[in-house]
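What follows draws every value from the coordinates through simple rules; no lab data is involved. Quick caveat: nothing in here was measured; it's all calculated off a predicted structure. Here the Cβ positions follow ideal geometry from the backbone for every residue, glycine too, while neighbour counts run over all protein chains shown.
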Amino acid sequence: MKINSLLYFAILFLSVTGAFAQKYTTVKGTVNSADGKPVESVTISITHTNWGTMTDANGVFQINKVKPGSYTIKATAIGLVPEEKQITVVTGTETVVDFTLKENANQLNEVAISDRRKKYKVDNPSQSLRLNEPLLQIPQNIQVVTSKALADQQVISMSDGLIRNVSGAVRLEHWGDLYTNITMRGSQIQAFRNGFNVVSSYWGPLTEDMSFVDHIEFVKGPAGFMLANGDPSGLYNVVTKKPTGQEAGEVSYTMGSFNLNRATIDLDGKLSKDGKFLYRLNLSAQNKDSFRPNEFNDRYAIAPVVSYQIDDKTKLTAEYVYQRAHMSDVGSYYVFSPKGYGVLPQNFTQIPAGLPPTNINDNSFTLNFQHQLNDNWKLTAQAARYTYSQLGTSMWADTVFADGKYVRNAGIWEAQSTMSLAQIFLNGKVTTGSVVHNILAGLDMGDKKYVADYAQTKSLDTKETPFDPYEPGIPTLNNPANGYPTFDRTLNLEARAAAGYGLINSSYSSLYLQDELGFFDNKARLTLAGRYTSLNMSDFNTPEEAKHFTPRVGLSVSIDDKTSVYGLYDQAFMPQVAARLVSGSNVKPITGSNLEFGLKRDWANGKWNTTLAVYRILKNNEASATPNSTPANPESFLLGQKRSKGLEFDLRGEILPGFDVTANYAWTDSKVTKFGVAPTGVTLPSVGDVVPGYAKHVANAWLNYKLLSGDLKGTGISLGGTYLGGRQTDTWSVGLEKLPDYFKMDGGLFWEGSKMRITANVFNILDKYTYSGSYYSYLKAYYWQADAPRNYRLSIAYKF
């Protein structure tokens, strides 16, 4: 009886929804430029409704499930004159409407070619996030840092003030400009580039130079489902510059404190008259010293990209990035003292002038293939090969004496990394009755190998003649009593790495399927998804295999066309890298879950937006550094479970004409909820103890105002600030002194016209002595890394 009733109900339901579906139809068309070329990423919207989409690479758009009636449909894009048309939608008949958009000369004089370079607020994620819908409708907190924001703030690398643009992001250990190491929601987040997870060890990847970066997307929570294996706290995705089809170029020169000299060039154009063969070339070169003696950071980057439109539906893009770093020892930023934080001058250094430099060569090659199967389905496949080599040293302290003298140590840091990555995914739409299904399915594969020798070390000083940071002139700075190290490299790197716990390998493959069901004219969107991952890993010679299924459930509801609320439950599964357990047991993959709720709203016709989110993350089997862990001898224990919870608020966009704002605040709380496996000699934290590695309160703002008329048109002023309160150190060691609250203010002036922009900023305007650090119990000493004192940058950019 129950089976018959269910069958009857199913037939009735399908009949009703089928009849209901006949009341809807499709609106589709194309958008071309005045010269007849298709225009990608044009926003198509039906005014006063939630219906909308964007054009694909062929200028094609399609909006499903439109009710019969009369509407105004609008096409808008940066640099083009918007166009509106009146349409009448009739039941059972597709409505076709085409647009031809002309260049907006006035607008092109004020903004750059890409919409992400024109403003602080964008409406859509990149294609590498695989989500074909506006950020407003995605059931997750995603924040985008645009090229315009990066230029205004004179950010030149991933480690250079970028994180002020995102709520809750901190760098509790700077590591100079070697790698970024961003902490968010209580954990270090994963680094991605163009949708690939590019982390092969804890110490990487090399920070991207901003010359070839278009924008950066910060995805909060477990985003592993969308892209690859990811941390439950989130990720950042660096999106590189691509050809736009416009003939354009820009050169810039930046000078500043500490002998900064930097030049960049960005060329964008066509290699064939028909516009099918395009190119983009970005070059940069930089020399830079430091406010500390004997430190330097010289870099250059080469990033060519070519794309070919094979036919109306198929596009192939090839991209190569080469970065070269020639820099001083990455451990030189540390200062050690048993007397507390900040007891030595801000410009104090421990690095001797004779220590060999660190040289890094970073290469990546990516091939991307896109094919529009039909109006509803698109196939994307991409593969990448990353190679990385490093030869240098890393400084630390052997022994710290009670009077503040200590013995410096320099360890070899020779490393090679290779990563082979591949993805193939399918985006499509299917309609069943009154429900529109936004389908995402695909396969991710990766093979990563990191080989490093950091086991060879040498004390630069002796206990009889230690380094004395309090002695005037510090005669032992450049003349260490024990001399400079000479390392044994007779064996090949892999043999040395195997003997010194320097092999970190992982390989994985993942299948995933997501269905976003749109109800009530797409005003309610239910996401149902799952990912199955199989991985093999071997960190510090301890192999592990694992297979796991991670579900994802999300709901986003549009209260009106400018406001949405969402809820999300997601799980994460990922290998751990660079973890050697002192208990001798094998490292386990990290598992975790995220429960999140949020409210998003566009204001003032979409000129600015706000996002409010609350979350709770549970993270299992995380390897945490012991109090005795050092870069040359990393040790970890398994933390049973930790729970992070918090609140985030982000605001970005044009509040008033000429007045752009980025502002955010985050409250974070991370604590132990379960015990781990106790290694010998290590006291585990108790349930309820704070998990180190975050700041409880993080607040940022960047205000940018430009005069839009008058004799001083184009002149503007910027002001920004960062506050960190309740900072938790990055180790389990507990010293008597806590890190103080942190406040730093930056600001400057600028002028921009149709071709030229001049920007001058002063950083650390108040000239505060700010730093981050921790206490190490086995050394019985504090260590910290200081920020630069007041300094400036002046940039001149010219477009042609």
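The table below gives the values:
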| read-out | value |
| --- | --- |
| Within-11-Å neighbourhood charge of SER510 [Cβ basis; K, R +1; D, E -1] | +1 |
| Residues with amide H under 5 Å from that of ASP329, placed H, sequence gap 5 or more | THR358 |
| Net charge of Cβ neighbours under 9 Å - reference ASP375; Lys, Arg +1; Asp, Glu -1 | +2 |
| Kirkwood Rh, angstrom, the range 713-780 [1 / mean 1/r, Cα pairs] | 15.0 Å |
| Hull shadow area, averaged, the range 116-240 [alpha-carbon convex hull, nm²] | 6.9 nm² |
| Ordering of 763-770, 524-531, 121-128, 143-150 by packing [mean C-beta count within 10 Å, highest first] | 143-150, 121-128, 524-531, 763-770 |
| Translational diffusion of the chain, µm² s⁻¹ [Kirkwood Rh, Cα pairs; Stokes-Einstein; 4 °C; 1.567 mPa s] | 46 µm²/s |
| Alpha-carbon Rg/Rh ratio, for the range 345-407, with Rh computed the Kirkwood way | 1.41 |
| Relative contact order of the chain, pairs being alpha-carbon contacts under 8 Å that are 6 or more residues apart, as % | 11 percent |
| Residues THR380, THR91, sorted so that the one with the fewest Cβ neighbours within 10 Å comes first | THR91, THR380 |
| Compactness of the range 248-386 - radius of gyration and Dmax, Cα, Å | 22.2, 69 |
| Residue order, fewest to most beta carbons within 10 Å, for MET445, MET327 | MET445, MET327 |
| With Cα atoms, 0 to 90° folded angle of helix 2-21 axis to the chain main axis | 70 degrees |
